[in-house]
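Student: Can you keep this structure in mind? I'll have questions shortly.
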Amino acid sequence: MNGRRPILVANWKMYKTAAEAVDFLDRFLPRVAGVAEVEVAIAPPFTALDRAGRRLAGSAVALAAQNASAETEGAFTGEVAPRMLAELGCRYAIVGHSERRALFGEGDALVARKAAALLAAGIRPIVCVGETLEQREAGRTFEVLAAQVAGSLASVPPERAAELVLAYEPVWAIGTGRTATPEIAQEAHRFLRERLAGLFGAAAGQVRLQYGGSVKPENVYALLAQPDIDGALVGGASLDAEAFARIVRSRGPEEAR
Ligand code: PGA
């Protein structure tokens, strides 16, 4: 046992209104009641955080945001500050997702500032890294991951490392149905764990490493069985209450599956 409690996070992206989020939770929560061996969080769009958070109150399922500003407050039209998310009960926030990196121009330096701002507000960052298909085919995967880890985690002090979640999401596996094999994912996770050890020393053993990219009920168990895979960040399959509940229960007792 490595002591790391697996964490499964639903990244809903720009799907579901507040009413649809509550409807999902009405169907999802009874299906995962009593599941204790994994931690579960739901990351709805900003507009659904308040109502989803109220629906989650009293359950073991945590609330997460999909992004956050690196700033505390100020003239930043359209941005949402970490302390505003904390007020709504967010325990986690995703930062540096590949869609934000590719579509909104976010780089490692900004991701690092966001991670630091979240920690300052008492929110645990889920920092995403991952190579593109082009980078993998050029044999640059580990070089890219090393640079992303060093840059994106530059402001996390070792004493806060245990609060960090690092998500490995190969861009070629996101939304494509093309999941990394457990072996390919484990190889990347082991590499990331080594880099974390370089940054944080012994605390690297406490950082949870999530895999993300076309995770489904059918493939999650084999991924989570790998020694350095401590959870999953789930997009498409998390939009369906039954499918995400099956993912959450995949490590549970056989009869609960
Ligand atoms: P996917 O998305 O599960 O739909 O591939 C994962 C993610 O982008 O976090």
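The values are calculated or read from the model by the stated rules, or taken from the named source; none is laboratory data. Model, not experiment: these values are computed from the prediction. Neighbour counts are summed over all protein chains in view; Cβ atoms, including those assigned to glycine, are modelled from backbone coordinates with ideal geometry. Calculation scope for accessible area: heavy atoms of the full protein, side chains included, ligands and nucleic acids excluded. Shrake-Rupley method; radii C 1.70, N 1.55, O 1.52, S 1.80 Å.
Student: Just the number, please: carbon plus sulfur as a percent of the accessible area of the chain, 1.4 Å probe, no ligands or DNA/RNA counted.
Tutor: Here it works out to 53 percent.
Student: Something else now. Running a GNM on the chain with Cα contacts under 10 Å, which residue among Leu119, Leu133, Leu63 ends up with the highest mean-square fluctuation?
Tutor: Between Leu119, Leu133, Leu63, it is Leu133 that shows the largest mean-square fluctuation.
Student: Please check: in the Gaussian network model of the chain (C-alpha springs, under 10 Å), which one of Pro170, Pro158, Pro125 has the largest mean-square fluctuation.
Tutor: Pro158
Student: With a point put 7 Å past each Cα toward its Cβ, work out how far Asp240 is from Tyr15 in nm, to one decimal.
Tutor: 1.0
Student: Using +1 on the beta carbon of Lys and Arg, -1 on that of Asp and Glu, and nothing else charged, what's the dipole of segment 156-257 about the Cα centre, debye to 20?
Tutor: The calculated dipole for segment 156-257 is roughly 60 debye.
Student: Over segment 1-147, how many percent of alpha carbon pairs lie in each 5 Å bin up to the one with the longest distance?
Tutor: 2, 9, 17, 19, 18, 15, 10, 7, 2, 0
Student: Output the Kirkwood hydrodynamic radius of segment 146-257, Cα pairs only, in Å rounded to one decimal.
Tutor: Taking every pair of different Cα atoms in segment 146-257, averaging 1/r and inverting gives 14.6 Å.
Student: In deg cm²/dmol and to the nearest 500, what is the mean residue ellipticity at 222 nm of the chain if only DSSP H runs of at least 4 residues count, each as -39500 (n - 2.57), divided by the residue total?
Tutor: -11500 deg cm²/dmol
Student: Once both labels are modelled 7 Å past Cα along the beta-carbon direction, what's the Glu187-Ala202 spacing in nm?
Tutor: Inter-label distance under the simple model: 3.2 nm.
Student: Right, here's the next one. If you line up the Cα atoms of segment 159-225 on their principal axes, what length do they span on each, largest first, in Å?
Tutor: Each principal axis gives a Cα extent; for segment 159-225 these are 37, 19, 18 Å.
Student: What residue among Ala237, Ala57, Ala93 has the largest mean-square fluctuation in a Gaussian network model of the chain, using Cα springs under 10 Å?
Tutor: The residue with the greatest mean-square fluctuation here is Ala57.
Student: What do the square roots of 5 times the Cα gyration tensor eigenvalues come to for the chain, in whole Å, largest first, as semi-axes of the equivalent ellipsoid?
Tutor: Ellipsoid half-lengths, sorted descending, are 25, 23, 17 Å.
Student: Taking 45 Å as R0, compute the FRET efficiency from the Cβ-Cβ separation of Asp23 and Glu143 and round it to 0.05.
Tutor: Rounded to the nearest 0.05, the efficiency is 0.55.
Student: Please work out the average accessible area per residue across segment 144-230, using the 1.4 Å probe convention, and give it in Å².
Tutor: 37
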